[in-house]
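The values are calculated or read from the model by the stated rules, or taken from the named source; none is laboratory data. All figures in this text were calculated on a predicted structure; none of them were measured in a lab. Positions of Cβ are backbone-derived with ideal geometry, glycine not excepted, and every protein chain shown enters the neighbour counts.
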Amino acid sequence: MKPRNIFSVLISITIIIIFLLTCGCVKKSQLSFEKKSEIDFCVKNSTGHTIYITCFSYIKKQLLLDTQSFAQWRWDKSNIYELKNNQTIQIDIDTIKDKQNRKNVYGALGIFENRKDAEDSTYALLNNKHKIDLDQLYKLKNKMVIIQIEKYGFKGKSLDFDIIPKKLLKIKHPELDFIVENKTGKTIYLCCFIYQIKEETSIWKYDKTPIKKLKPGKHALIDADTIIKDYNRKYARGTLAIFEENEQALAEKITFELLNPSNKIDIGRLAAIKNKKIVLEIEQYGTKGDLIDFSIQPIQKDKIIF
């Protein structure tokens with residue numbers, strides 16, 4: 001091959017390499033930008049049954065290239081997602097390229113028990129019992145929205161949710177579960193009202209554990225929610241609600257706000273009961289008669305009887 005031809009080939013190869021590298025950089029840069037422009041987020045169903053969900057997002061989309069002309073804020077509705085119990089999916093939200101607009105996108109989940117109700121729903125007509133407000137969607141990046149069912153006395157069942165960073169879901173956190181022993185000499189019903197805060201909210205409120213029937217000499221495990229943040233877990237407090245054997249219906253319907261002082265025992269911070277048990281006993285108190293009192297004792301695993 002002549003020197004001139006070799007030189008021409010080398011020039012051509014160099015141009016092709018530069019072109020490919022340039023395209024790669026542009027593509028990588030474009031993908032990075034598009035990733036930052038996304039506000040998709042993940043949802044997990046922990047309700048115990050199949051649900052259908054959609055997301056209403058208040059967005060402002062560019063209708064013309066590189067201009068905000070004719071762009072308006074409006075409610076947008078995502079696809080409908082069928083979500084089985086313990087299943088996780090990613091909600092696809094429209095790409096918002098403008099950073100300021102993206103930060104101001106607010107969202108709400110619509111949650112239903114059948115597909116038709118989900119398909120027919122609009123934000124304006126969305127009943128609160130089917131809605132979960134999510135605030136600014138960009139704050140959900142790298143987090144998981146966990147949908148739950150809360151049952152609170154006579155108020156019945158309602159939707160509840162938690163928002164937890166995905167990295168924390170992979171870590172095992174200390175539990176606040178504890179054991180109660182019945183030494184009252186009679187069968188009782190009990191539950192625990194736990195004053196706690198959800199991970200991504202600023203509201204402390206009472207959560208009610210399931211009702212337990214506890215025979216004399218038996219033990220019951222009180223199952224508290226897993227609380228991820230150390231501070232929130234440290235300051236979660238408990239109040240036992242105790243009822244006679246013929247008061248099961250009252251135990252089911254009662255809320256903390258309606259709890260009679262004679263039915264409740266304040267057990268303080270749950271973290272302080274770790275590796276210990278609550279022992280319930282009868283104490284005679286003058287004219288008031290028999291009262292239920294408690295003590296906190298070490299656990300002897302070989303003597304725990306459920």
Consider only pairs whose beta carbons are under 6 Å apart and that are at least six residues apart or on different chains; among these, list those whose first residue lies in segment 272-284 and is in a strand (DSSP E or B) and whose second residue is of a type in the set (Ser, Thr, Tyr) and surrounded by fewer than 17 Cβ atoms within 10 Å (Cβ to Cβ). Val279/Ser295
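Residues are listed down the side, and each one gets a yes or a no for (1) over 19 Å from Thr47 (Cα atoms); (2) over 11 Å from the mean Cα position of the chain (by Cα); (3) aromatic (Phe, Trp, Tyr); (4) assigned to a strand (DSSP E or B):
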residue	(1), (2), (3), (4)
Asp162	no, no, no, yes
Leu168	yes, yes, no, no
Asn182	yes, yes, no, yes
Cys191	yes, yes, no, yes
Ile194	yes, yes, no, yes
Ser202	yes, yes, no, no
Lys213	yes, yes, no, yes
Given (1) part of a loop (DSSP other than H, G, I, E, B); (2) out of contact with any strand residue (DSSP E or B) (no Cβ under 6 Å at 6 or more places or on another chain); (3) not assigned by TED's automatic domain parsing to the domain that holds Ile89, Leu125 misses just (3)
Of all residues in segment 166-181, which are surrounded by 13 or more Cβ atoms within 10 Å (Cβ to Cβ) and without any contact (Cβ under 8 Å) to a residue 60 or more places away in the chain? Leu169, Glu175, Asp177
Considering Thr184, Thr226, which residue is surrounded by 13 or more Cβ atoms within 10 Å (Cβ to Cβ), in contact with a Leu (Cβ under 6 Å, 6 or more places away or on another chain) and hydroxyl-bearing (Ser, Thr, Tyr)? Thr184
Look through segment 38-89, keep the residues that are of a type in the set (D, E, K, R) and surrounded by 15 or more Cβ atoms within 10 Å (Cβ to Cβ), and return whichever of them is modelled with the lowest pLDDT. Lys61
Of all residues in segment 215-260, which are within 23 Å of Lys155 (Cβ to Cβ) and assigned to a helix (DSSP H, G or I)? Gln248, Ala249, Leu250, Ala251, Glu252, Lys253, Phe256, Glu257, Leu258
